[in-house]
Amino acid sequence: MITLVADIIQAEALGTLGATLAGGATYWMPEQASEVAPKIDWLFEFINVICYIFFGAILILTVGFSIAYRRRKRVHQDKSATHHTALEVTWTIVPLLIVIVMFYMGMTGYMYLDTVPENAYEVRVNGQVWSWTFQHPNGAVEGNQVTLPMDRPVQFIMTSSDVLHAVFIPAFRVKNDVVPGRYRTLWFTATKPGEYQLMCAEYCGKGHSDMLARVFVLPEEEFQIEIARLAQEYMDLPTEALGYYAADKLYPRCASCHTVNGDPGTGPSFKGLWERTQAGEQKFTNGATLSQLQKQGDGFYDPAMGGVQNYLRESILYPQKLINEGYGPVMPSFKGQLKERQVDALIMMIRELETYFEPDGSFKPQPENTTPAEGAAGTEEATTPKQDGGSPEA
Amino acid sequence: MSVLSQSPSAPNLIKDRQSKLTTLHSWIITVDHKKLGLMYCLTALVFFVIAGFEAMMIRWQLFIPENDIIVTQVYNEFMTMHGTTMVFFVGMPMLTGFATYLIPLMVGARDMAFPRLNALGFWFTFFSGILLYSSFFMAPALYASGAAPDFGWFAYAPLTAKTFDRGHTVDYWIFALCISGFGTMIAGTNIITTTLCMRCKGMKLSKMPLFVWIMLTDAVLMVVGIPPLTAAQIMLLMDRELGAHFFDVNAGGSAIFWQHLFWFFGHPEVYILILPAFAIASEVIPVFSRKVIFGYPLMVAATVGIAFIALGVWVHHMFAVGLSPAINAIFSGTTFLISIPTGIKIFTWMATMYGGRLKFDTPMLFLTAFLGLFTVGGLTGITLAAVPADWQLHDTYYVVGHFHYVLFGGLIFAVFGGMYYWYPKVTGRLMSEKLGKWNFWIFFIAFNLTFFPMHISGLLGMPRRIYTYEAGHGWELWNILASIGAFMQMIAVALFVWNAIVSLKRGKVAGPDPWDAWTLEWATTSPPPEYNFEEIPTVRSRRPLWDLKHPEDPDWKYE
């Protein structure tokens, strides 16, 4: 630990600080990567300089008085002014005028930030414990990452499926709470291509510090290509690649609650989930067990009739229906956020976990030589994972 | 033979034990404001050490990136309990302790207006603290059978709903804080009645010591500020246990409603905590400057002004929620406005020092530091009042730095100064000056080392309440410095405790008036007798002891 600390101090002293001063970052603020960032920094700086002047004056006077009027021997004589009206009026009125100016500047900045330009590119943002979903106008959905155009106003229309969260992108100088049952907008114009971090800034429970997303800013043409690709991403994949796609792109949103190596989490681990479901081992908070349900009704949960897939799909889209004993009803519904093909991909991934993950839970990429030719498998067949029949109803 | 020779001592042992039991019994049944005040302060000190331990664990965890000294669950519990404890079981009992001990002495009364109620208030506070901490061992929760509250001291809905916080930690929190709230209401009512009805002959409101004036304002804020919290907590309890839907979004409730109720309590609460620091400063600074406080009437007006405006600034905790522009504009305006009376106070203390004959004993050192540190906290607060700047800084470590400068640099430094100042009155002996100076300088340096870097990591975008962070944001150095500072503060607190214990036996005998002060508490013996004054004093000015010591040039000629 000590060497690590020493390394950090050395790196700070030589690297980051130097880079901070030399790079685009102003003062102590992070890099400015949006159109509004310089405005906010200027306001902050303006208020700060006035504060420095006041603090400097107060400090100098206090220390000055402390030295100038230091008592050398005990004295009792002490008649001096007990008030001075002109002075008292001055130190009331002058700060009042200054704060009125600050208030005015703050308000104009606020109105600017609160007025979304009409041509803004709209992204729907959903926060949930503990991941982010971003939905583009063309239907492309991204999890824990978002691709955005450069030099064009972007509007986030945000809500939460469970508790309070907050979108915070320090490099863009924007932050707003994400409140369940309420839409909230936020806008900015990114000015530099690159990768930035989005963080959750409102305490939301156990995974709060892991609730991060990457923000990619691309120039307009690259952005158009990328966004078109994202909309089609999983549609073009052959069946064999779907599981890898799920493990790489979709699982990170599950990872805050569901582990793949058997460690306990907020939700049940995916490890052995397929086998448990097949055997009907799950016990639910309503007192039923899955093995009982498998024998009841029209065979919806019957493993011989695709009941495993049915159960898993239902758990993803309607998670509140059956709650595993020992867990809380905290999982948000992914209905509308995942396309049917993505749900299928997830089910495939859960079925053969060892194929897609290392024992420690990290992603195992698809081996090159087994990759079949592009488009070899028809999308029609691929909607149902492997065999077992019982295509899930929409 | 040897056995026989020892036997005569046996009755003494019994007698000793009996006398110890009697002492303990006398403290438990006491209704004396001095004993209760002392018990309030000692309770607060014990919780201060516990909350400090929690803060140490937080700082240890954040020392380096990706650290895992404690698990997330425990970290969140410590974070929540640190905040809750510091506000409700350190700040509140400490200020109530000071008020309970000093106000009757300062207004020349024999006790508080309602002595038995006073005892009830203390025991409410004491047992609610124990109830809150018993959750560590008793409260059933999701991950273990003993778990403390883990949802932050602000308990934002819907994280506290049954869906997201199973078990009963929220219920422990609700009951503990409701009971402590009753205690605070009782104390507030008692302080108001005492100051309004129990003043000695000649002490008009305009002749009251500033300490009493500020505490009176503070007590009014307590009585107005606590009920919204209690109401909100009862609503939350109904949501959780009786199936109500006040804060349940899925059934048409509102998550923001909780925030309004909580901060309508929470912001006056901040001023409830900081006003006593002003009260202590307004007593200590004049005495060690050998001058009358400058501009007494303006000071009283500023105090009352702060209390009024404090009731109308709560939405500045909610700028990022997305309320209407009109609401944000009004509350941004009031937040800027409250800096004016606060500024007046700072200028007034400085003007009191101007031209004085300053003597830097430990109490004065702490209060001078208070002046500077509180100024820093106040000025960073102005930055936060501008909505666009607040949007960048809200819920980052900048805010953590800001309010620790206000509440730690402000309240705790003033309270330490106050403890050094009134210790001789309470115990009859002075605390060691040498240890006191060590205590002060280590505390002062460590405090700045801890909390100043938080401003910078906050500006660099480090969010609050995170369990850990990735390397590469430029936050590492500032977290290391903050953690080192935190451990140094522990040394300073240990020095204080050591000083307080040792001076009890070995301190210099103080006599009734070691600082040559002017308010009535110094007119009686140290420690004061149970009845406070042999004869209820009569006063003619704000500095009755000055008049007594200088009959040739009394204050009342000028006031």
* To do: For residue B:133, state whether it is touching a residue at least 60 places away in the same chain (Cβ under 8 Å) and within 14 Å of chain A (Cβ to nearest Cβ).
  => no
* Asked: When you scan region A:115-222 for strands (runs of 3 or more DSSP E) that lie fully inside it, which ones turn up with 2 or more residues that are within 14 Å of chain B (Cβ to nearest Cβ), β-branched (Val, Ile, Thr) and in contact (Cβ under 8 Å) with a residue 40 or more places away in the chain?
  -> A:165-169, A:174-178
* To do: For residue B:340, state whether it is surrounded by fewer than 24 Cβ atoms within 10 Å (Cβ to Cβ), within 21 Å of residue A:49 (Cβ to Cβ) and within 7 Å of chain A (Cβ to nearest Cβ).
  => yes
* Asked: Does residue B:61 satisfy the condition of being buried (at least 20 other Cβ atoms within 10 Å of the Cβ), at pLDDT below 95 and over 23 Å from the mean Cα position of the chain (by Cα)?
  -> yes
* **Condition met for residue B:187 (surrounded by 23 or more Cβ atoms within 10 Å (Cβ to Cβ) and over 17 Å from residue B:80 (Cβ atoms))** => yes
* Asked: In this structure, is residue B:356 at the interface with another protein chain (Cβ under 7 Å from one of its Cβ atoms), surrounded by 20 or more Cβ atoms within 10 Å (Cβ to Cβ) and closer than 18 Å to residue B:297 by Cα?
  -> no
* Structure fact -> When region A:83-109 is checked residue by residue, the ones that are facing another protein chain (nearest Cβ under 8 Å) and of a type in the set (A, V, I, L, M) are A:87, A:96, A:99, A:100, A:102, A:105, A:107
* Looking at region A:88-107, is at least one residue over 28 Å from the mean Cα position of the chain (by Cα), modelled with pLDDT under 60 and of a type in the set (D, E, K, R)? -> no
* Mind listing just one residue for me: the one in region B:458-477 that is in contact (Cβ under 8 Å) with a residue 60 or more places away in the chain and part of a helix (DSSP H, G or I) and, of those, surrounded by the most Cβ atoms within 10 Å (Cβ to Cβ)? => B:458
* Structure fact -> Residue pairs within 6 Å by beta carbon, gap of at least six or interchain, first lying in region B:271-299 and within 11 Å of chain A (Cβ to nearest Cβ), second among the acidic types (Asp, Glu), listed first then second, are B:290/A:78; B:291/A:78; B:295/A:88; B:298/A:88
* **From the options A:285, A:266, A:355, residue that is free of Cβ contacts under 8 Å to residues at least 60 places away in the same chain and not assigned by TED's automatic domain parsing to the domain that holds residue A:146** => A:285
* Is it fair to say residue B:553 is without any contact (Cβ under 8 Å) to a residue 24 or more places away in the chain, surrounded by fewer than 21 Cβ atoms within 10 Å (Cβ to Cβ) and within 11 Å of another protein chain (Cβ to nearest Cβ)? -> yes
* For region B:216-226, state whether one or more residues are within 14 Å of chain A (Cβ to nearest Cβ) and part of a helix (DSSP H, G or I). => no
* Asked: Can you find a residue in region B:407-427 that is within 30 Å of residue A:165 (Cβ to Cβ), surrounded by fewer than 22 Cβ atoms within 10 Å (Cβ to Cβ), in contact (Cβ under 8 Å) with a residue 12 or more places away in the chain and away from every other protein chain (no Cβ under 14 Å)?
  -> yes
* Test for residue B:388: is it at the interface with chain A (Cβ under 7 Å from one of its Cβ atoms) and in contact with a Gly (Cβ under 6 Å, 6 or more places away or on another chain) -> yes
* Structure fact -> Restricting attention to region B:29-40, the residues that are among the hydrophobic types (A, V, I, L, M, F, W, C) and closer than 17 Å to residue B:128 by Cβ number exactly 2
* **Flag for residue B:349 being part of a helix (DSSP H, G or I), modelled with pLDDT under 95 and over 30 Å from residue A:209 (Cβ atoms)** => yes
* Residues (surrounded by fewer than 15 Cβ atoms within 10 Å (Cβ to Cβ) and either within 34 Å of the chain's Cα centre (by Cα) or part of a loop (DSSP other than H, G, I, E, B) (or both)) located in region B:246-256 -> B:252
* To do: Answer yes if at least one residue in region B:148-169 is surrounded by 21 or more Cβ atoms within 10 Å (Cβ to Cβ) and part of a helix (DSSP H, G or I), and no otherwise.
  => yes
* Looking for whichever is surrounded by fewer than 24 Cβ atoms within 10 Å (Cβ to Cβ), modelled with pLDDT of 90 or more and among the polar types (S, T, N, Q) here; the options are A:224, A:232. Which one fits? => A:224
* Asked: What number of residues in region B:491-526 are in a helix (DSSP H, G or I) and buried (at least 16 other Cβ atoms within 10 Å of the Cβ)?
  -> 11
* Residues in region A:316-323: is at least one under 27 Å from residue A:134 (Cα atoms), within 14 Å of chain B (Cβ to nearest Cβ) and touching a Leu at 6+ places or on another chain (Cβ under 8 Å)? -> no
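The values are calculated or read from the model by the stated rules, or taken from the named source; none is laboratory data. Keep in mind that this is a model prediction, so the values were computed, not measured. With ideal geometry, Cβ positions are generated from the backbone for all residues, glycine too; neighbour counts draw on all protein chains shown.
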